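Okay, so here's the structure we're looking at.
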Protein chains: 2
Amino acid sequence: MNFPSKLIEDAVNEISRLPGIGKKTALRLALHLLKQKESVSESLSQAILKMRTEVKYCAVCHNISDAEICGICASNKRDRSIICVVEEIPDVLAIENTAQYNGLYHVLGGVISPMHGVGPDELKIASLMKRIEEADAGVKEVILALPATMEGDTTSFYVTRLLSARGVKVSTIARGIPIGGELEYTDEVTLGRSILTRVNYSAE
Amino acid sequence: MNFPSKLIEDAVNEISRLPGIGKKTALRLALHLLKQKESVSESLSQAILKMRTEVKYCAVCHNISDAEICGICASNKRDRSIICVVEEIPDVLAIENTAQYNGLYHVLGGVISPMHGVGPDELKIASLMKRIEEADAGVKEVILALPATMEGDTTSFYVTRLLSARGVKVSTIARGIPIGGELEYTDEVTLGRSILTRVNYSAE
């Protein structure tokens with residue numbers, strides 16, 4: 001693409017380095033910003049720079065945070081005896097948005113994947129073990145909320161073995177047919193598993 | 001959405017003000033930037049701010065430019081006797097990328113649209129007329145490359161009337177079946193027009 005202005009070209013090149021944004025979209029965004037007031041571009045660029053330079057990671061759970069310890073770990077309204085283990089930061093947001101969980105989190109920063117050279121030492125697993133050993137009131141349960149992939153299952157298996165050796169109860173989030181899902185269109189692995197792990201209605 | 005960090009929230013809010021980018025995409029982009037080196041966010045925000053504050057519009061053709069007069073208008077390699085009239089800045093880029101045109105441009109900044117309160121006075125039509133009157137060597141032809149919509153056609157009609165009164169030759173880009181397009185799937189208006197405005201092979 002030939003750009004009529006070096007300034008536009010630089011901006012388009014920078015914007016198109018973002019994932020999922022090509023040159024055409026980047027140009028559209030740049031031209032949109034040109035049409036807006038200068039303050040729009042100012043606050044956008046300041047917010048990005050401020051976020052990148054000032055954001056911290058919680059020393060306990062490794063979630064993003066504005067302080068040394070994140071709001072969830074510091075809160076006295078959360079149940080400190082349950083820890084939910086997730087792969088990445090967006091998973092914490094997703095679970096928080098359900099408003100169904102009131103415990104703490106632990107962000108592993110990935111899952112075990114020999115294909116990509118990610119072993120247990122690259123993840124925050126040691127930090128999870130340390131956290132459980134040092135917890136004042138003790139940790140009653142660890143919920144594994146890892147992806148339902150081979151890598152996720154491997155990680156779940158690895159973490160479960162370590163935790164079981166320490167006598168901590170381990171659970172995993174339920175796999176099955178999504179709410180609103182039709183049996184007919186559900187893949188057979190999920191459907192088969194949902195039958196095997198069926199929930200007893202009469203006992204409830 | 002509940003954000004674990006005010007800094008992230010601010011950045012997500014700013015990014016999601018861009019057209020076509022929602023909160024989820026904005027969060028994905030923000031987390032991507034957090035994973036990259038600080039220099040990536042730095043150069044991105046600087047490029048955006050620099051573009052917005054320093055970019056100029058060409059005093060002749062109203063295209064974006066780094067100087068008072070844009071590279072195309074200032075070039076002595078372009079044919080100054082032809083002006084191509086377009087709606088917006090991306091149209092100039094699109095035509096430049098074809099490498100089939102060597103004349104000058106004129107960006108109207110929109111098309112006549114009574115529905116949206118855009119009349120001829122809101123567009124750079126007067127500036128086009130002034131340009132044609134003041135051209136040293138004279139303008140032989142004006143090519144209208146406006147969108148094939150009702151508004152585009154209205155604008156073409158309006159500009160054609162003004163130019164014809166001044167004795168300037170006016171042409172418009174060809175409408176027809178796109179290269180590689182199948183007759184079967186072309187809409188009947190385009191197909192009908194392509195028959196009416198057929199091109200004589202034998203005379204060529």
*asked:* Below 12 angstrom from the Cβ of A:Leu7, what's the summed charge of the other residues (Lys, Arg +1; Asp, Glu -1)?
replied: -1
*Counting only residues 5 or more places away or on other chains, whose amide H sits under 5 Å from the amide H of B:Leu146 once H atoms are built in the peptide plane?*
B:Ile173
*Quick one: among B:Asn63, B:Asn102, B:Asn76, which has the greatest mean-square fluctuation in a GNM of chain B with alpha-carbon springs under 10 angstrom?*
B:Asn76
*Roughly how many debye, to the nearest 20, is the charge dipole of the protein assembly as shown about its Cα centre, given +1 on each Lys and Arg Cβ, -1 on each Asp and Glu Cβ, and no other charges?*
460
*asked:* Given the -39500 (n - 2.57) contribution per DSSP H run of 4+ residues, what per-residue ellipticity at 222 nm results for the protein assembly as shown, rounded to the nearest 500 deg cm²/dmol?
replied: -13500 deg cm²/dmol
*Pick from A:Ile82, A:Ile69, A:Ile48: which is most flexible by mean-square fluctuation in a GNM of chain A where alpha carbon atoms under 10 Å apart are linked?*
A:Ile48
*asked:* Can you compute log10 of I(q)/I(0) for region B:1-87 with the Debye formula, treating each Cα as one identical point scatterer, at q = 0.15, 0.18, 0.22, 0.23 Å⁻¹?
replied: -0.74, -0.85, -1.04, -1.10
*Mind checking B:36-48 for the average number of partner chain beta-carbons within 10 Å of each residue's beta-carbon?*
6
_Distance in whole Å from the B-onto-A rotation axis to the closest C-beta of chain B, together with the residue it belongs to, please._
B:Ser45, 2
*What number comes out for the charge environment of B:Arg131, summing +1 per Lys or Arg and -1 per Asp or Glu over other residues with Cβ under 13 Å away?*
+1
*Take the alpha carbon atoms of region A:108-156, find their center, do the same for region A:1-80, and report the distance between the two centers in whole angstrom.*
28
*asked:* Which trypsin sites (Lys or Arg not before Pro) in region A:69-139 sit in a loop by DSSP (not H, G, I, E or B) and have at most 12 other Cβ atoms within 10 Å of their own Cβ?
replied: A:Lys77
*Taking amide H positions as placed 1.01 Å from N in the peptide plane, with prolines and chain starts having none, which residues 5 or more places from B:Val118, or on another chain, fall under 5 Å of its amide H?*
B:Ser113
*Starting at the first residue of region B:115-127, write each ³J(HN,Hα) from the Karplus equation 6.51 cos²θ - 1.76 cosθ + 1.60 with θ = phi - 60°, in whole Hz, x for Gly and Pro.*
4, 9, x, 9, x, x, 6, 7, 9, 8, 7, 4, 5
*List the residues whose amide H sits under 5 Å from the amide H of A:Val170, counting only those 5 or more places along or on another chain, with H placed 1.01 Å from N in the peptide plane.*
A:Val142
*Karplus (6.51, -1.76, 1.60) ³J(HN,Hα), θ = phi - 60°, over region B:79-95, in Hz, Gly and Pro reported as x*: 7, 7, 8, 10, 10, 9, 9, 10, 6, 10, 4, x, 5, 4, 4, 4, 5
*About the Cα centre of chain A, what is the dipole size in debye to 20, counting +1 per Lys and Arg Cβ and -1 per Asp and Glu Cβ, all else neutral?*
300
*Within 10 Å of each Cβ of B:11-17, how many other protein chain Cβ atoms are there on average?*
5
*Looking at the P(r) of chain A, how many percent of alpha-carbon pairs lie beyond 32 Å?*
39
_For region B:6-54, size of Cβ-based charge dipole, Lys and Arg +1, Asp and Glu -1, in debye_ = 220
_region B:59-74 - phi-based ³J(HN,Hα) in whole Hz, Karplus 6.51/-1.76/1.60, Gly and Pro as x_ = 5, 8, 9, 6, 6, 5, 7, 8, 10, 4, 10, 6, x, 6, 5, 7
*For every other residue with a beta carbon closer than 15 angstrom to the beta carbon of B:Ile112, add +1 if it is Lys or Arg and -1 if Asp or Glu, then tell me the sum.*
-4
*Tally the DSSP beta bridges in region A:50-204 and give the antiparallel ones as a percent, rounded to 5.*
20
*Hey, for B:Thr186 with labels 7 Å out along Cα-Cβ, what do the inter-copy distances come to in nm, ordered shortest first?*
5.0
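Quick note: the coordinates plus some simple rules give every number you see, no bench work behind them. Keep in mind that what you see is a predicted model, and the values were worked out from it rather than measured. Methodologically, a virtual Cβ is constructed for each residue, glycine included, from the backbone with ideal geometry; neighbour enumeration extends over all protein chains shown.
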